[in-house]
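Participant: Got a structure here, written out as structure tokens. Questions coming.
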Amino acid sequence: MRRAFLAIAALAAALHAGAAAEWNVNRLFEMLAKERPGRVKFEERKYLSLLDRPVESSGDLAFIPPHTMEKRTVTPRPERVVIDRERLTIERGGKVWSMGLRENPGVAVLVESIRGTLAGDLASLTRTYSAGLDGDAGNWRLKLTPLDPSLATLVERVEIAGSHARVRSVEIFQADGDRSVMSLSPAPR
């Protein structure tokens, strides 16, 4: 009986070690690609060197794979940002601004870090970033560093954290020292 128990325990430990050994960036992105993202709530804090306190905002974020994201800010004032393929549109105070991502590489690099991760599109993401992964499936942190030195003068790195196929936070470290932290949580049904 004791031998059977030890054999089962050894098998369980080997399976656990094998599963842990398989955890890598490719496995994370396989999980993310299978997930059907929807709408989540966000709370964001922007730490700007010009201000004494962080700028806080909240609202909801939606992702429609593979190319469309919508960020609706409710507080402190209403704003809607839609990214559809290569077009960014901002609606605020009854006015609308639109721009192409190709003409705005600083914005594009940030958009792709989030959109590529939510879509589980590692190939697209690694055209712009080097990707490193810390943790395990239950608590991971993806560290993205721009490959292009000219983009690195805008964005030092992006860190996206989560659990399994759920993204919990996005932290953007700008090259000028400013940063933003966006916490994501499931939207009420």
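Laboratory data are not the source of any read-out in this text; all were calculated from the coordinates shown. Predicted model only: the values in this text are computed from it and were never measured. Note: ideal-geometry Cβ built from the backbone for every residue, glycine included; neighbour counts use all protein chains shown.
Participant: Quick one: compute the contact order of segment 122-189, relative version, from alpha carbon pairs under 8 angstrom and 6+ residues apart, as a percent.
Facilitator: 21
Participant: Each residue of segment 130-142 in order: what ³J(HN,Hα) in whole Hz does its phi give by Karplus 6.51 cos²θ - 1.76 cosθ + 1.60, θ = phi - 60°, with x for Gly and Pro?
Facilitator: Rounded to whole hertz, the list is 8, 10, x, 10, 10, x, 10, 4, x, 7, 10, 9, 9.
Participant: Which one, 131, 175, 108, has the greatest fluctuation when you compute a Gaussian network model over the chain with C-alpha springs under 10 angstrom?
Facilitator: Maximum fluctuation in the GNM of the chain, among the listed residues, is at 175.
Participant: If you project the alpha carbons of the chain onto the principal axes, what extent comes out on each, in Å, largest first?
Facilitator: Computed over the chain, the largest-to-smallest principal extents equal 75, 42, 35 Å.
Participant: Dipole of the chain, Cα-centred, from +1 at each Lys and Arg C-beta and -1 at each Asp and Glu C-beta, to the nearest 20 debye?
Facilitator: Charge dipole, the chain, about its Cα centre: 640 debye, nearest 20.
Participant: Another question, then. Net charge around residue 140, counting only other residues with Cβ within less than 14 Å of its Cβ (Lys, Arg = +1; Asp, Glu = -1)?
Facilitator: Combined, the nearby Lys, Arg, Asp and Glu give -2.
Participant: Quote the relative contact order of segment 38-174 in percent (integer), defining contacts as alpha-carbon pairs under 8 Å separated by 6+ residues.
Facilitator: Relative CO of segment 38-174 lands at 12 percent.
Participant: Moving on to the next point. Taking amide H atoms as placed 1.01 Å from N in the peptide plane, list the residues 5 or more away in sequence, or in a different chain, whose amide H sits under 5 Å from that of residue 187.
Facilitator: HN-HN under 5 Å from residue 187: 41.
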